[in-house]
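Just so it is clear, none of the values below were taken in a lab; they were calculated from the coordinates. It should be emphasised that the depicted structure is a prediction, and the values quoted were computed from it without experimental measurement. All Cβ positions, even for glycine, are placed from backbone atoms using ideal geometry, and neighbour counts span all protein chains on display.
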Amino acid sequence: MDFTLSEEQMMIREAARDFTQSELKSGVIERDNLQQHPTEQVKKMAALGFMGVNTAAEYEGAALDSVSYAIIVEELSKIDNSCSVIVSAHNSLAIWGIEKYGTEEQKSKYLPDMASGRTIGAFCLSEPEAGSDATSQRTIAEDKGDYYLLNGTKNWITNGKTAGTYVVIAHTHPEKKHKGINAFIVEAGWEGVSTGEKEDKLGIRSSDTSSVMFQDVKVPKENRIGEDGFGFKLAMKILDGGRIGIAAQALGIAAGAYELALAYSHERVTFGKPINQHQAIAFKLADMAMQIETARMLVYRAAWMKDQGLPYAQAAAMAKCFASEAAMAITVEAVQVHGGYGFVKEYHVERLMRDAKITQIYEGTSEIQRMVISRNIIKGATYLPWEMAGKLVTA
Ligand code: CAA
């Protein structure tokens, strides 16, 4: 068992750290206040390969492993969670499904622009009345021979307004329930595609989240991803990887808040000594450190399992559920360590606390993660590496 990072992974971590300090930190409070999209910062992330982290070099991607991807999202999330969710949704939710299950034509048409960051991607699954219960969606793609006629509204779409390419999940045969669902690549510029207002959110405020509407959109047949009826399983598989991204985001939020609290605890003096010399604060720091290390092991393990070709749905659900709950608890405590200063924007921890909340909700709530985990446990299938020695399976 090896818990060390490779030289390359450590270099990637350093590069991501340098980038967040030099390019993201100074404007993050203002962007959050103004809900200003980090358009210039996204271009710079693209130049570093962050918009095509795992994508093959032939499609202009950086061709890195999933652990490196988790490390990049973690580092971005210590400083700017609008940037990290843009990267996570784009890489995991939009690019991955096209690269893994798309045709060669789809890949060569869409991936180079996406992986280079020239086009942002988004994933359209949730609807006004179907979030956790993903099979109850109402968007319809009617088979018209040469094309599908797409009608419906998607909600809470990360990158909704800035995306040029959407992966859209829709029913083609509602009577078949989840077996009648398909996934399509839809271009933002097509007739009948429109977006709602940017949502005014508690956290991740400079990333854009909006509804995306499809009215009589003609989707060419060749833009369906995978076999007919594969859409629901594809959406679930996409989310399995997406959950590693959000787990890494939650880990970064927790670690960022902890680092700020630790630094502050050295500086702030009360009753004649730094506050970390008081047991009440020292034990908070110890609890934070334990939760962060546990979260990090779960996140990196899920990413590593993905790289090994092991089934990782359960590991990803565990990582997301644990890391997001740790992020929420740790950010609340980080504000507490800062006292009154923690409540003002200048000290960054209040923003991390606001950002933490969404990690317990999007890409499957904590309750959904517990459903995924418990269903596996109850049917006796615990997909964990130490249960699978010598039984390597392709996920
Ligand atoms: N991989 C592959 N196949 C899977 C799978 C997975 N991870 N999970 C389920 N399936 C398959 C099942 O095997 C089953 O197939 P068969 O019929 O062949 O047996 C089929 O899919 C249906 O599975 P279930 O019966 O388990 O389906 P369900 O209706 O009970 O739902 C669920 C399961 C886990 C609750 C699922 O609905 C789910 O994950 N819901 C949450 C959705 C979610 O995360 N939404 C967030 C959207 S993205 C977002 O947040 C917006 C953004 O931009 C950030």
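With the highest mean first, a sort of the peptides 310-316, 99-105 on other beta-carbon atoms found within 10 angstrom per residue produces 310-316, 99-105. Inter-label distance, Met297 to Asp228: 4.9 nm, where each label sits 7 Å from its Cα along the C-beta direction.
Each part gets one Cα centre, and for region 36-56 versus region 170-193 those centres are 28 Å apart. Using 0.36 nm per residue and subtracting the Cα-Cα separation, the extra length available between Lys221 and Gln21 on full extension is 67.5 nm. Between Leu149 and Asn33, the simple spin-label model (points 7 angstrom out along Cα→Cβ) gives 5.1 nm.
In this structure, the residue pairs whose Cα-Cα separation is over 21 Å, taken from Lys320/Lys357; Lys176/Lys320; Lys357/Lys379; Lys144/Lys176; Lys44/Lys198, are Lys176/Lys320; Lys357/Lys379; Lys44/Lys198. Projecting label points 7 angstrom from Cα along Cα→Cβ for Glu142 and Ala381 puts them 3.7 nm apart. The aspartates and glutamates within cross-link reach of Lys218, meaning a Cα-to-Cα straight distance under 16 Å and a gap of 8 or more places when in the same chain, are Glu142, Asp143, Asp146, Glu187, Glu191.
Taking every alpha-carbon pair under 8 Å whose residues sit at least 6 apart, region 270-330 reaches a relative contact order of 31 percent. Using only Cα coordinates, the Kirkwood hydrodynamic radius of region 102-251 works out to 15.7 Å.
The smallest convex shape that holds all Cα atoms of the chain, its convex hull, gives 141 Å³ per residue. Protection proxy ranking for 281-289, 229-237, using the average of other Cβ atoms within 10 Å per residue and placing the highest first: 229-237, 281-289.
In terms of the mean number of neighbouring beta-carbon atoms within 10 Å, the peptides 171-179, 242-250, 136-144, 77-85 order highest first as 242-250, 77-85, 136-144, 171-179.
The alpha carbon centroids of region 64-103 and region 235-262 are separated by 11 Å. 3J(HN,Hα) along region 93-102, derived from phi through the Karplus expression 6.51 cos²θ - 1.76 cosθ + 1.60 where θ = phi - 60°, amounts to 8, 9, 6, 4, x, 5, 5, 7, 10, x Hz, with x in place of Gly and Pro.
Rg/Rh, computed from the Cα trace of region 190-320 with Rh as the Kirkwood radius, has the value 1.17. Axis angle, to the nearest 10 degrees, between helix 366-378 and the longest C-alpha principal axis of the chain: 80 degrees. When the alpha carbon gyration tensor of region 1-78 is reduced to an equivalent ellipsoid, the three semi-axes, largest first, read 24, 16, 9 Å.
Pair-distance distribution P(r) for region 1-152, from all Cα-Cα distances in 10 Å bins starting at 0: 10, 33, 31, 20, 5, 1 percent. Computed over the chain with a Gaussian network model linking Cα atoms closer than 10 Å, the most mobile of Gly180, Gly164, Gly189 is Gly189. Using the Stokes-Einstein relation with a Kirkwood hydrodynamic radius computed over Cα pairs, the translational diffusion coefficient of region 71-156 at 4 °C and a viscosity of 1.567 mPa s comes to 86 µm²/s. A Förster radius of 22 Å, combined with the Cβ-Cβ distance separating Arg370 from Gln279, puts the computed FRET efficiency at roughly 0.05. In a Debye calculation with equal point scatterers on the alpha-carbon sites of region 277-395 and no solvent, what is log10 I(q)/I(0) at q = 0.09, 0.12, 0.13 Å⁻¹? After summing over all Cα pairs, the log10 values are -0.33, -0.54, -0.61.
Just so you know, the averaged projected area of the alpha carbon convex hull for region 246-342 sits at 6.0 nm².
Running Debye on region 221-295 with equal point scatterers at the Cα sites and no solvent, what base-10 log of I(q)/I(0) appears at q = 0.11, 0.26 Å⁻¹? Taking Cα atoms of region 221-295 as identical point scatterers yields -0.49, -1.10.
Of the residues Trp96, Trp190, Trp156, Trp386, the one with the fewest other Cβ atoms within 10 Å heads the list, and the complete ranking is Trp386, Trp190, Trp156, Trp96. The lysines within cross-link reach of Lys109, meaning a Cα-to-Cα straight distance under 17 Å and a gap of 8 or more places when in the same chain, are Lys100, Lys221. Using the Cβ-Cβ distance between Glu58 and Glu191 with R0 set to 30 Å, the FRET efficiency from 1/(1 + (r/R0)^6) comes to roughly 0.40. For region 1-44, the percent of C-alpha pairs falling in each 5 Å distance bin, counted from 0 to the bin holding the largest distance, reads 5, 19, 20, 18, 13, 10, 8, 5, 2, 0.
How much length would be gained if the chain were fully extended between Val269 and Met10, taking 0.36 nm per residue of separation minus their Cα-Cα distance, in nm to one decimal? Result for the pair: 89.8 nm of gain on full extension. Placing unit charges on each Cβ (+1 for Lys and Arg, -1 for Asp and Glu) gives the chain a dipole about its Cα centre, and among Phe271, Gly121, Gly61 the Cα reaching farthest toward its positive end belongs to Phe271.
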